[in-house]
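Right, one structure below, let's go through it.
The values are calculated or read from the model by the stated rules, or taken from the named source; none is laboratory data. None of the values given here were measured: they were computed from a predicted structure. Every residue, glycine among them, receives a Cβ derived from its backbone with ideal geometry; neighbour counts consider all protein chains shown.
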Amino acid sequence: MIMERRGARWHTACMVAFTGRVRRWREDKPGGLAVVDVPAELVAELGGRRQYRVTGTIEDAPFTGSTMLVTGGGLCVGVSKAALEAAGAAVGDEVSLDITPAAG
């Protein structure tokens, strides 16, 4: 766990590692945003169910993204087309991610 000072408060930032399937944010938009769901047991460790920027790797390729709230209580990470290409991954693939909330 890393402690970071942001303004007058201290925040914890944890690196979490997990695997997940790349899926479309909206299945009715085939060319739309790709996301990977964060396992429920890691959401609190990562910083809770809220939106924030993250940095890390997807299949060992560096990337930055943002978390997004999922209807029903989940959390996912948006993954750009460029990040997927750099990782050699595509929608439908199972990928490994190591992410932490971005400093800032």
Worksheet item: Can you name the residue in segment 33-52 that is assigned to a loop (DSSP other than H, G, I, E, B) and either within 9 Å of residue 67 (Cβ to Cβ) or hydrophobic (A, V, I, L, M, F, W, C) (or both) and is also modelled with the lowest pLDDT among such residues?
Response: 47
Discussion item. Take the residues in segment 12-32 that are under 13 Å from the mean Cα position of the chain (by Cα) and assigned to a strand (DSSP E or B); name whichever of them is farthest from residue 85 (Cα to Cα).
Written reply: 16
Response to the item:
Scanning segment 47-79 for residues that are crowded, with 18+ Cβ neighbours inside 10 Å and in contact with a Lys or Arg (Cβ under 8 Å, 6 or more places away or on another chain), the one nearest to residue 21 (Cα to Cα) turns out to be 75
Discussion item. Among (1) out of contact with any Phe, Trp or Tyr (no Cβ under 9 Å at 6 or more places or on another chain); (2) loosely packed, with under 14 Cβ neighbours inside 10 Å; (3) free of Cβ contacts under 8 Å to residues at least 60 places away in the same chain; (4) among the small types (Gly, Ala, Ser), there is one condition residue 82 misses while meeting the rest; what is its number?
Written reply: (1)
